[in-house]
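Asks: I have a structure here, written as structure tokens, and I will follow up with some questions on it.
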Amino acid sequence: TVDRIANARLRDRVVSAEAAAALIQPGETVAMSGFTGSGYPKAVPVELARRIESVHAQGLPFQISLMTGASTAPELDGALAKADGIAMRMPFQSDPDARNRINEGKLDYIDIHLSHVAQHVWFGFYGEIDTAVVEVSAIREDGSLVPSTSLGNNKTWLDLAKKVIIEVNEWQPAGVDGMHDIYYGTALPPHRKPIPLVNANDRIGETALRCDPDKIVAVVRTNGPDRNSPFSPIDAPSEQIAAHLIEFLQHEVKRGRLPANLLPLQSGVGNIPNAVLAGLAKSGFRDLAAFTEVIQDGMLDLLRDGVLSYASCTGFALSPQANETFKENIDFYRERIIMRTQEISNHPELVRRLGCIGMNGMIEVDIYGNVNSTHVMGTRIMNGIGGSGDFARNGFLSAFLSPSTAKNGTISAIVPMASHVDHTEHDVSVIVTEQGLADLRGLTPRKRAQVLIDNCAHPDFRAQLQDYFDRASRESYGKHTPHLLPEALSWHQRWLDTGTMKA
Ligand code: 0RQ
């Protein structure tokens, strides 16, 4: 078999994961690869967590600040959070252990738009990066690095880190080489130029990452899978949500507002977006394109069936089964998938230029269209904003999808006032629940409220919402966006006090 490390100098730097982890010191800012459970380092973080635990056992402090692309896996966020090894984490995470520590107030978490991460680090907002730990699929003879199943912020991490640890993961398919497009034309203001991408499948960069070999202090060989979790079977509410959204898109085509093959799709991760993709497979649409962050199972199927012509992303979230299909047909998928850094996959300039159709999950929306994607009861972080804001504000259309109730029907996803706002009323065009779809475009706040109550609210909460809205419309201080301030968040407080939002 061919050695995945084709550069002799870097082959000489191969060490154990334990030895590599020993190069990371307490207090460092460490930037790691990884995006939605793909392409994260598999071995060094685990060894680092072990070392942190043994240092803590001696009564000494050891924590790092941790940056990634997006969410990772138990071997990274999970292990380091359990070891109490993270002082600050940014950006998006979805690990249960990390989430619990954040919500206990013991782990500082900074949740920012995914398109902002690289540039804010370049701007110096997060100080210096001491170490980068980046998974790749191979090292070429010239020392350039072939990325694996996610790109995330890897270009930035390699450019800026003082020292670099590379994991070469042989589990990743060698055929991924050629799938990436790494743009080296980004600059800092005031020297920025337009990004020369006008179609979702344009190639504007290089297929491998550059890295100064003098900075590479260790190379670790690994052979382990990405976090490939299975999707649950598509349930009835998800199927209904998908059907409403697809009917809406068909309607938009009939009205001439969208071309017959739509505009590049962006899809969040999870079961509802997967249901939408499965619905698109049966919808009669052809020649679609995706300009998105994450490719999940449904998108591979659409590519296979020719419904989707090509897809641009920065990472994958595949079930084990879909991962096998991906590996077996990697030559087919390499022709149709382009992986980019997240500063490009989520770039507002490109999302606006291409006119992406954003489709993301939400926790709740208020009657005026303000969307909460991140905080349960306004205070408990679930995951993070991820890339939803990059697409919601800048896309051609922005749809937010959710069942109309949560927690066994005790919570309404349509509330008088959102308990936390990630996407303002100005960034949200369409809301979809299993009850129906609210098209908020061109509507005033009061009209939006009525459409949301009529079309999206669950029947168990509809009268209660109507009552709030009617009284607010009469009694509110201002009548543009009517509210009863002492009552606006009372539904959330009622759930906390009694276990239901029902009055
Ligand atoms: O909690 O797991 O404890 O039961 O939230 O909810 O219905 O399974 O839906 O997995 O699609 O997640 C918004 C969180 C939805 C996701 C969110 C509880 C519910 C359950 C999950 P349990 P579901 P999903 C691309 C774009 C932000 C990032 C983003 C998300 C859990 O879509 O993180 O868009 N989005 N990224 O019970 C209380 C409510 C609730 C609620 C749901 N109203 N009140 N709990 N839940 N609604 C990807 C990236 O950028 C990387």
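The values are calculated or read from the model by the stated rules, or taken from the named source; none is laboratory data. As the structure is a computational prediction, the values presented were derived from the model and not from experiment. Glycine also receives a Cβ, built like all others from the backbone with ideal geometry; neighbour counts cover every protein chain displayed.
Asks: Among the numbered conditions (1) crowded, with 24+ Cβ neighbours inside 10 Å; (2) within 29 Å of Ala290 (Cα to Cα); (3) within 13 Å of the ligand (Cβ to nearest atom), tell me where Ala418 comes up short.
Replies: The single condition Ala418 does not satisfy is (2).
Asks: May I ask you to list the residues in region 178-209 that are acidic (Asp, Glu) and in a loop (DSSP other than H, G, I, E, B)?
Replies: Answer for region 178-209, where residues must be acidic (Asp, Glu) and in a loop (DSSP other than H, G, I, E, B): just Asp202.
Asks: Would you be able to say whether some residue in region 220-238 is under 30 Å from Gly355 (Cα atoms) and β-branched (Val, Ile, Thr)?
Replies: Yes, that holds for at least one residue.
Asks: Which one of these is surrounded by 15 or more Cβ atoms within 10 Å (Cβ to Cβ) and away from the ligand (no atom under 16 Å from the Cβ): Leu245, Leu263?
Replies: Criteria check complete, one pass: Leu263.
Asks: Shifting gears a bit: Kindly provide the set of residues from region 125-159 that are under 23 Å from the mean Cα position of the chain (by Cα) and either surrounded by fewer than 22 Cβ atoms within 10 Å (Cβ to Cβ) or on the phi > 0 side of the Ramachandran plot (or both), ordered by number.
Replies: Correct list: Phe125, Tyr126, Gly152, Asp159.
Asks: Additional query: Please identify the pairs in which a residue from region 106-119 that is farther than 10 Å from Gly69 by Cα has its Cβ atom under 9 Å from the Cβ atom of a residue that is of a type in the set (Ser, Thr, Tyr) and away from the ligand (no atom under 14 Å from the Cβ), counting only partners at least 6 apart or on another chain.
Replies: Final answer for the pair search is Asp108/Ser65; Ile110/Tyr126; Gln119/Thr156; Gln119/Thr186.
Asks: Restrict the check to region 35-45 and report whether at least one residue is of a type in the set (D, E, K, R), over 25 Å from the mean Cα position of the chain (by Cα) and at pLDDT 95 or above.
Replies: No: zero hits.
Asks: When you go through Ala20, Ala31, Ala43, Ala8 one by one, which is the residue that is in contact (Cβ under 8 Å) with a residue 60 or more places away in the chain and either more than 30 Å from Ile295 (Cα to Cα) or among the polar types (S, T, N, Q) (or both)?
Replies: Sole residue among the options that is in contact (Cβ under 8 Å) with a residue 60 or more places away in the chain and either more than 30 Å from Ile295 (Cα to Cα) or among the polar types (S, T, N, Q) (or both): Ala20.
Asks: Okay, moving on. Give the number of residues within region 455-497 that are touching a Gly at 6+ places or on another chain (Cβ under 8 Å), in a helix (DSSP H, G or I) and not polar (S, T, N, Q).
Replies: The qualifying residues number 2.
Asks: Which residue pairs have Cβ atoms under 6 Å apart, sit 6 or more places apart or on different chains, and have a first residue in region 176-200 that is over 15 Å from Arg353 (Cβ atoms) and a second that is among the hydroxyl-bearing types (Ser, Thr, Tyr) and at pLDDT 95 or above?
Replies: From residues that are over 15 Å from Arg353 (Cβ atoms), the pairs are Val176/Ser137; Gly178/Thr207; His180/Thr207.
Asks: Next up: As an exercise: evaluate Met67 against (1) in contact with a Ser or Thr (Cβ under 6 Å, 6 or more places away or on another chain); (2) under 30 Å from Thr292 (Cα atoms) and give the number of the one condition it does not meet.
Replies: (1)
Asks: Moving on to the next point. Just one of Asp177, Asp181 is within 20 Å of the chain's Cα centre (by Cα) and buried (at least 16 other Cβ atoms within 10 Å of the Cβ); which is it?
Replies: After applying the criteria, what remains is Asp181.
Asks: Taking the stated definitions as given, is Ala317 within 14 Å of the ligand (Cβ to nearest atom) and either modelled with pLDDT under 95 or hydrophobic (A, V, I, L, M, F, W, C) (or both)?
Replies: yes
Asks: Which condition does Ile337 not pass, out of (1) of a type in the set (A, V, I, L, M, F, W, C); (2) away from the ligand (no atom under 14 Å from the Cβ); (3) out of contact with any strand residue (DSSP E or B) (no Cβ under 6 Å at 6 or more places or on another chain), if it passes all the others?
Replies: (3)
Asks: Here is a follow-up. Kindly provide the set of residues from region 378-388 that are under 17 Å from Pro96 (Cα atoms) and within 8 Å of the ligand (Cβ to nearest atom), ordered by number.
Replies: Correct list: Met382, Asn383, Gly384, Ile385, Gly386.
Asks: Check off (1) away from the ligand (no atom under 13 Å from the Cβ); (2) in contact (Cβ under 8 Å) with a residue 40 or more places away in the chain for Ser283 and give me the number that stays unchecked.
Replies: (2)
Asks: Does Arg352 qualify as being touching a residue at least 60 places away in the same chain (Cβ under 8 Å) and either more than 15 Å from the ligand (Cβ to nearest atom) or aromatic (Phe, Trp, Tyr) (or both)?
Replies: When the stated conditions are applied, Arg352 does not pass them.
Asks: Can you name the residue in region 356-377 that is within 24 Å of Leu262 (Cα to Cα) and either of a type in the set (A, V, I, L, M, F, W, C) or free of Cβ contacts under 8 Å to residues at least 12 places away in the same chain (or both) and is also nearest to the ligand (Cβ to nearest atom) among such residues?
Replies: Met362
Asks: Follow-up. For region 462-479, give me each residue that is in contact with a helix residue (DSSP H, G or I) (Cβ under 6 Å, 6 or more places away or on another chain) and either closer than 15 Å to Ala418 by Cβ or exposed (fewer than 12 other Cβ atoms within 10 Å of the Cβ) (or both).
Replies: Across region 462-479, the qualifying residues are Leu465, Phe469.
Asks: Please verify whether region 434-442 includes one or more residues that are of a type in the set (D, E, K, R), within 30 Å of Glu343 (Cα to Cα), within 9 Å of the ligand (Cβ to nearest atom) and not in a strand (DSSP E or B).
Replies: No, region 434-442 has no match at all.
Okay, residues lined up against (1) assigned to a loop (DSSP other than H, G, I, E, B); (2) within 21 Å of the chain's Cα centre (by Cα):
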| residue | (1), (2) |
| --- | --- |
| Glu47 | no, no |
| Glu53 | no, no |
| His56 | no, no |
| Asp84 | yes, no |
| Asp97 | no, yes |
| Asn100 | no, yes |
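Asks: Given the options Ile411, Ile385, Ile381, Ile363, name the one that is β-branched (Val, Ile, Thr) and touching a Lys or Arg at 6+ places or on another chain (Cβ under 7 Å).
Replies: Only one candidate qualifies: Ile381.
Residue by residue, here is whether (1) surrounded by fewer than 17 Cβ atoms within 10 Å (Cβ to Cβ); (2) basic (Lys, Arg) holds:
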residue	(1), (2)
Asp12	yes, no
Thr29	no, no
Gly59	yes, no
Asp84	no, no
Pro91	no, no
Lys106	yes, yes
Tyr109	no, no
